[in-house]
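S.K.: Input: one structure, supplied below.
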Amino acid sequence: MKKILVLLFILLNLDCFALAETTTFTNEIFQKAQSEGKTVVINSWNKTCVTCAKQVQILDQAKKDFENVLFLSFEQTKDIDIAKFLSVDYWTTILVYKDNKEISRTIGQTDKEKIYSQIKAL
C-alpha cells in the first residue's frame with residue numbers, strides 16, 4: 001500500500017520534474033541567422049519528457065563549446081506552427097541548419113558525442 005501511495009504521489013506531481021526550457025525559436029531569428037551564414041541548432045522538447053531533459057543538458061553545454069552556433073528551441077506540443085514549419089513530428093528532434101539547408105536531423109539522441117558530431121557536420 002505504501003508503494004502505491006508513493007507512486008500515486010509521484011504521478012500526481014510530475015510537474016515538479018518538468019523541464020524548465022522556454023521557446024526561443026522565431027522565424028525572424030532563424031531567417032536572420034541563416035542569411036548571415038550561421039549554423040543553427042534547433043531542438044524540440046516537451047516539459048515532461050525525460051529524454052528532452054537529457055538533450056537540453058547536452059545542448060546547454062554545447063552552447064558553451066560552440067560559441068559561433070545559434071541554439072534555438074521550441075515546445076513540440078505547444079508551438080505547433082513551428083513544428084509544421086520545420087516538419088518536426090516528434091519531441092526530442094534535433095536539427096542542424098547551415099547555408100539555408102538542413103544538414104542533419106536526429107530523434108531521441110542522448111549521446112553527447114553523437115550530438116556534438118551532428119553539430120560539427122558542416
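S.K.: For SER104, enumerate residues with amide H under 5 Å from its amide H, sequence gap 5+ or separate chain, H modeled in the peptide plane.
M.R.: VAL96
S.K.: No solvent, one uniform scatterer per C-alpha: report log10 I(q)/I(0) for the stretch 18-120 via the Debye equation at q = 0.16, 0.19 1/Å, two decimals.
M.R.: -0.61, -0.89
S.K.: Hey, another quick one. Stretch ASP89-LYS64 to full length: gain in nm at 0.36 nm per residue minus the Cα-Cα span?
M.R.: 6.2 nm
Every number here is computed from the coordinates shown, using simple stated rules; none is lab data. These numbers come from a predicted model, not from an experiment.
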